[in-house]
Amino acid sequence: NRKPMIKFFRKIRQKMLTENKFSKYMLYAIGEIILVVIGILIALQVNEWNNDRNKKKAEEIVLIQIKSDLEKSSIELQEMKTYHLGRAITCAKILRAFWKTEPTYDSIAYDLRGSRSTIKYSPILGNLKSLINSGNIDLVSAKALRNDIVSYVEKVESQLVDLTRIEESYFRNGVEMVDEIMPNGVLDKDYYIKELEKVDDIKNRTRWYNPDIEPSPNKPQNIDRVPFKSDLNELFQNKQFYNGYKKLWTHQFNSYRIYDDILVITNDLLDKLNNAKQVQNSEKK
């Protein structure tokens with residue numbers, strides 16, 4: 001289509017030149033230049049529209065992925081809060097037993113078994129950090145939201161450093177102090193006999209202690225050789241034992257608070273992403 005048009009305009013120019021109509025030729029030339037410029041401007045505008053549309057599509061994909069990661073993190077953080085709060089309550093019960101005249105040792109023995117454990121969790125930051133480090137954070141059109149995303153990653157990483165510090169300063173030291181005083185634990189032969197009686201299936205009984213199937217230090221191969229349990233009366237008169245559990249309580253409670261803080265800022269960023277999505281949908285309408 002372009003070649004016939006070019007030939008058409010060329011014939012007009014040649015006709016004007018041969019007829020010595022210079023002024024008309026100049027007007028024609030100017031008109032042709034204007035048409036070319038308009039055509040270029042239209043092409044540029046169409047290209048810009050396409051780029052804007054591609055950027056909005058890319059932004060939409062990025063925001064959906066971030067939202068998905070934050071939703072998963074929110075669920076896991078809630079579970080971490082529950083876990084560490086439960087462990088903190090257990091440690092507090094053990095510490096309060098030091099102040100009782102006659103502690104209920106049956107329940108305390110159960111608490112002692114499950115209080116020296118911890119779990120560490122990091123929210124999903126991979127996509128967010130990749131977005132920032134690659135410079136693709138500019139795909140997020142709202143400047144305020146870009147700043148919120150960068151701020152979120154910085155705050156979470158700072159909180160995770162605090163978690164590591166708390167674990168090293170309190171949890172590990174607490175476990176070492178408690179284990180030194182209570183090396184044999186609180187479980188005795190009677191406990192394991194009762195546990196084994198619950199396993200009524202012969203196949204499961206053979207799995208009770210089999211390192212090749214279920215390696216576990218908590219299932220003795222020979223129940224008759226189970227070490228004597230620690231004397232709880234002595235434990236609850238021991239200062240080191242108390243201080244060890246004080247460290248464990250400090251770790252669990254502070255971990256609970258940190259995960260709660262991370263959950264708050266995670267849900268806050270989720271709300272901002274949802275608001276940004278609503279704005280995009282309203283703009284489309």
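Of the listed requirements (1) of a type in the set (S, T, N, Q); (2) out of contact with any helix residue (DSSP H, G or I) (no Cβ under 8 Å at 6 or more places or on another chain); (3) modelled with pLDDT under 90; (4) within 30 Å of Tyr259 (Cα to Cα), Asn136 misses just one: (2).
The listed residues are Ser115, Ser134, and the only one of them that is touching a Cys at 6+ places or on another chain (Cβ under 8 Å) and either touching a residue at least 24 places away in the same chain (Cβ under 8 Å) or under 28 Å from Asn275 (Cβ atoms) (or both) turns out to be Ser115. For Ile108, the stated conditions hold: it is open to solvent by less than 50 Å² (accessible area, probe 1.4 Å), aliphatic (A, V, I, L, M) and more than 24 Å from the chain's Cα centre (by Cα). Consider the range 116-143 and keep the residues that are touching a Lys or Arg at 6+ places or on another chain (Cβ under 8 Å) and open to solvent by 50 Å² or more (accessible area, probe 1.4 Å). The one that is farthest from Val175 (Cα to Cα) is Ser141.
Filtering the range 65-94 to residues that are under 15 Å from Ile149 (Cα atoms) and β-branched (Val, Ile, Thr) leaves only Ile66.
Only a single item in (1) more than 23 Å from the chain's Cα centre (by Cα); (2) within 23 Å of Asp268 (Cα to Cα); (3) part of a helix (DSSP H, G or I) is not met by Ser141, and it is number (3). Would you call Asn267 at pLDDT 95 or above, out of contact with any Phe, Trp or Tyr (no Cβ under 8 Å at 6 or more places or on another chain), open to solvent by less than 70 Å² (accessible area, probe 1.4 Å) and not basic (Lys, Arg)? Yes, satisfied.
The values are calculated or read from the model by the stated rules, or taken from the named source; none is laboratory data. Quick caveat, the model's predicted, so the values are computed rather than measured. Please note: Cβ atoms are built from the backbone with ideal geometry, for glycine as well, and neighbour counts cover all protein chains shown. Just so you know, the surface numbers come from the protein's heavy atoms only, side chains and all, with ligands and any DNA or RNA stripped out. Shrake-Rupley method; radii C 1.70, N 1.55, O 1.52, S 1.80 Å.
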